[in-house]
Amino acid sequence: MKRIIAITSWQNRISPVFDTAQKLLIFELNEKSEISRREEMIDFNVPFQKIHALVRSGAKTLICGAITEQIESQIEEAGIKVLSFICGDISSVMQAYLAGKDIKTEFAMPGCKNQRCHRRRGRFMYLNY
Amino acid sequence: MAKDNTKIIDQFTSIILDSITDGVFTVDKQWRITSFNKAAEDITGIEREETIGQRCSDVFRANICESGCVLRQTMDSGEPVICQTIYIVNSEGEKVPVSISTALLRDENGKIIGGVESFRDLSTVEDLRKKLMEKYSFADIISKSSQMQKIFNILPQIAESDSTVLIEGESGTGKELFARVIHQLSKRKNNKMIALNCSALPDTLLESELFGYKAGAFTDAKKDKKGRFALAEGSSLFLDEIGDISPALQVKLLRVLQEKEYEPLGATESVKANVRIIAASNKNLAELVRAGQFRRDLYYRINVIKILIPPLRERKEDIPLLVKHFISKYNHFQNKNIADVSPHVLRLLMQHDFLGNIRELENIIEHAFVLCRGNIIQVDHLPAELQPQGLSLPNASPNSDLQTLEAQYLLNLLEKNNWSRTKTAKELGIHKSTLFRKIKKLGIALPKVDGRSVNNEMKPQ
């Protein structure tokens with residue numbers, strides 16, 4: 001079964017921060033291997049445009065680095081599963097992902113081991129002053 | 001012996017670094033973290049052991065890592081960066097504002113071996129700024145000027161009183177915002193405030209809008225229509241630009257205020273009105289009374305409590321506060337991360353005359369948000385008229401007085417908009433009539449074309 005995943009990319013590694021990531025790699029995969037990949041620039045200052053590009057790409061999973069909670073919720077609301085606070089070489093991460101490994105543990109960003117990041121879930125609230 | 005000394009110095013350095021409240025980390029030339037102090041652990045929420053040997057971008061997770069790393073700038077140029085405001089994303093997915101500084105690390109031979117980055121958590125400063133903002137705001141109105149603070153002090157009593165209020169102020173000073181605050185603080189707050197701009201409608205339409213009509217009152221009146229007075233029953237009715245209503249309508253409005261009743265068009269019976277009137281005008285109503293253009297008796301009925309909102313140019317101390325407010329507002333609505341305006345931009349804003357008052361300032365910030373792709377609004381993100389070259393007007397001599405500059409500024413803007421008064425007024429954020437008054441007052445001679453005729457000329461015949 002074909003599936004599409006997106007990874008934010010910088011210097012062949014996962015971008016440290018999704019909110020300011022410039023490039024998206026979109027992979028088309030079958031069960032065990034990569035069918036194709038393409039690049040898309042997402043150097044927008046407005047996060048909504050990044051989310052829109054992501055939705056347009058057809059990806060059902062996003063692998064990214066740090067991400068602000070508000071944007072992560074918006075992406076999830078758009079029906080895309082987010083594997084966040086991941087770091088490392090994209091090729092290694094992809095290899096592990098295709099092998100069905102738990103990349104959230106193996107490639108967790110420093111301080112995020114044992115699913116420690118984003119423990120506190122809640123809706124973003126804007127304080128108008 | 002030398003080795004022992006180095007070890008002791010390293011221990012001292014570590015103790016000193018751990019005792020300071022600023023986060024500090026060092027990297028080697030491969031951007032791997034070599035040290036990470038206690039405060040850095042506290043601010044990022046990451047333990048030191050997890051950071052050593054890791055890439056700094058995976059640990060620090062700043063908005064500038066990818067496209068504007070200041071440590072890279074320092075490594076490339078040798079120049080330190082001092083106190084740049086950025087944000088990092090902590091493990092909770094929260095943005096933490098920090099101020100960072102960078103420097104090079106050299107060995108005993110002066111060879112670069114890496115860099116050091118120190119950072120200060122600005123969350124507390126940000127919280128204090130918000131608290132300060134609360135002190136200077138009343139509901140949604142923001143000001144620290146003494147004139148405005150006086151108004152803030154009396155606003156609750158005005159709201160409670162249920163008396164008619166007259167709000168006077170130039171276009172763009174926020175008259176409707178004041179009206180809404182008065183309504184929100186009043187006992188009528190549970191009902192929606194109804195607003196009507198009296199200058200936006202022709203006289204006949206305005207009358208039916210205000211009082212409504214009965215079926216058959218005129219040809220197209222197929223069924224009853226409620227007027228704004230009926231819609232505002234038990235609530236407040238905000239009548240903007242009240243100075244623009246005709247003498248005939250002034251009489252009818254006077255009757256409502258005196259008798260607390262009115263007759264919808266075509267009705268045979270009067271309807272009782274329990275409505276609080278909040279009127280506003282960008283004209284000086286007392287002057288209109290003197291000029292015979294506004295009924296004296298109506299003026300006294302409306303002018304029970306008068307609030308005079310000072311123009312922005314008379315309370316320039318509010319400009320930095322309002323700039324922060326609008327940045328915060330547009331960051332929220334446009335989901336952006338702009339931190340501030342540059343000092344040069346703030347200087348230009350402080351020098352600007354703001355004919356369109358707060359609305360003009362908001363338009364300027366909105367314009368800058370469209371163009372700004374970084375974190376700080378720079379001069380080239382401002383509308384052309386505000387940029388320094390826009391102000392170096394061809395005919396402006398160093399001795400030009402303020403009025404001449406203002407006239408030339410308006411002329412430039414009108415020319416840019418193909419002499420369209422409507423477009424120019426819109427760009428300035430002021431009402432067209434205010435622009436006409438300015439043009440007349442400043443004695444600006446306009447060419448015998450305007451935006452409409454230019455547009456018509458361009459239309460195919």
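None of the figures in this text is laboratory data; all of them are computed from the coordinates on show. Everything numeric here is computed off the predicted structure, so don't read it as measured data. Counting neighbours? That spans all protein chains shown, and the Cβs are built from the backbone with ideal geometry, glycine included.
Per-structure values
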quantity	calculated
Exposed GluC sites (Glu not before Pro) absent: longest stretch of chain B, with sites in DSSP loops and at most 13 other Cβ within 10 Å deemed exposed	B:270-461
Cα convex hull volume per residue for the range A:1-94 (Å³)	83
Sequence-distant residues sharing a close amide H with B:Ile167 (under 5 Å, placed H)	B:Ala279, B:Ala280, B:Ser281, B:Ile307
Cα-Cα separations in the protein assembly as shown greater than 34 Å, expressed as whole percent	58
Shielding by other protein chains, A:19-31, mean Cβ within 10 Å	2
For the range B:112-121, 3J(HN,Hα) per residue [Karplus equation, 6.51 cos²θ - 1.76 cosθ + 1.60, θ = phi - 60°, Hz, x = Gly/Pro]	5, 10, x, x, 10, 10, 10, 9, 10, 6
Over 22 Å between alpha carbons, listed pairs B:Lys130/B:Lys426; A:Lys32/A:Lys104; B:Lys260/B:Lys283; B:Lys192/B:Lys260; A:Lys101/B:Lys95	B:Lys130/B:Lys426; B:Lys260/B:Lys283; A:Lys101/B:Lys95
Within the protein assembly as shown, percent of DSSP bridges classed antiparallel, to nearest 5	65
Phi to ³J(HN,Hα) by Karplus 6.51 cos²θ - 1.76 cosθ + 1.60 over the range B:176-185, Hz, x for Gly, Pro	5, 4, 4, 4, 5, 5, 4, 5, 4, 8
Cα pair count fraction exceeding 25 Å, expressed as % - the range B:136-310	32
Förster radius 35 Å - calculated FRET efficiency between B:Ile20 and B:Asn331 (Cβ-Cβ, nearest 0.05)	0.65
Inter-part distance where the range B:292-344 and the range B:9-58 are each reduced to a Cα centre, Å	46
Neighbour-count ranking [beta-carbon atoms within 10 angstrom, fewest first] of A:Tyr97, B:Tyr300, B:Tyr330	B:Tyr300, B:Tyr330, A:Tyr97
Separation of the A:Glu76 and B:Gln378 label points, Cα + 7 Å toward Cβ, nm	3.8
Stretchable slack from B:Arg48 to B:Lys130, in nm (0.36 nm times residue separation minus alpha-carbon distance)	26.3 nm
Proxy reagent accessibility, fewest Cβ within 10 Å first, across B:Phe333, B:Phe294	B:Phe333, B:Phe294
Sorted by Cβ density within 10 Å, fewest first, the residues B:Phe436, B:Phe36	B:Phe436, B:Phe36
For the protein assembly as shown, Cys with no neighbouring Cys Cβ under 4.7 Å	A:Cys64, A:Cys87, B:Cys56, B:Cys65, B:Cys69, B:Cys83, B:Cys198, B:Cys372
Under 5 Å, built H, 5+ apart or other chain: amide partners of B:Ile376	B:Ala339
Computed magnitude of the charge dipole of chain B (debye, nearest 20; Cβ of K, R +1, Cβ of D, E -1)	1900
Gain on full stretching of the segment that runs from B:Ser146 to B:Lys7 - 0.36 nm per residue minus C-alpha separation	44.0 nm
Whole-angstrom gap from the range B:95-111 to the range B:219-270, using each part's C-alpha centre	70
Relative contact order, percent, the range B:136-310 [alpha-carbon distance under 8 Å, six or more residues apart]	31
Cα centroid separation, the range B:155-216 to the range A:24-82 (Å)	48
Residues of the range B:309-333 with amide N under 20 Å of a point placed 7 Å along Cα→Cβ from B:Arg347	B:316-321, B:323-324
Amide H within-cut-off set for B:Ser235, under 5 Å, with H built and near neighbours excluded	B:Arg276
In the range A:9-111, the GluC sites (Glu not before Pro) that fall in loop regions by DSSP, at most 16 other Cβ within 10 Å	A:Glu31
Estimated FRET transfer efficiency (B:Asp340, B:Asn197; beta-carbon r; R0 30 Å; 0.05)	0.30
Mean ellipticity per residue at 222 nm, deg cm²/dmol - from DSSP H runs of n ≥ 4 across chain B, formula -39500 (n - 2.57)	-13000 deg cm²/dmol
Average Cα contact separation per residue, the range A:3-115, under 8 Å, 6 or more apart, as relative contact order %	26
Normalised contact order of chain B, rounded percent, pairs of Cα under 8 Å and 6 or more residues apart	11
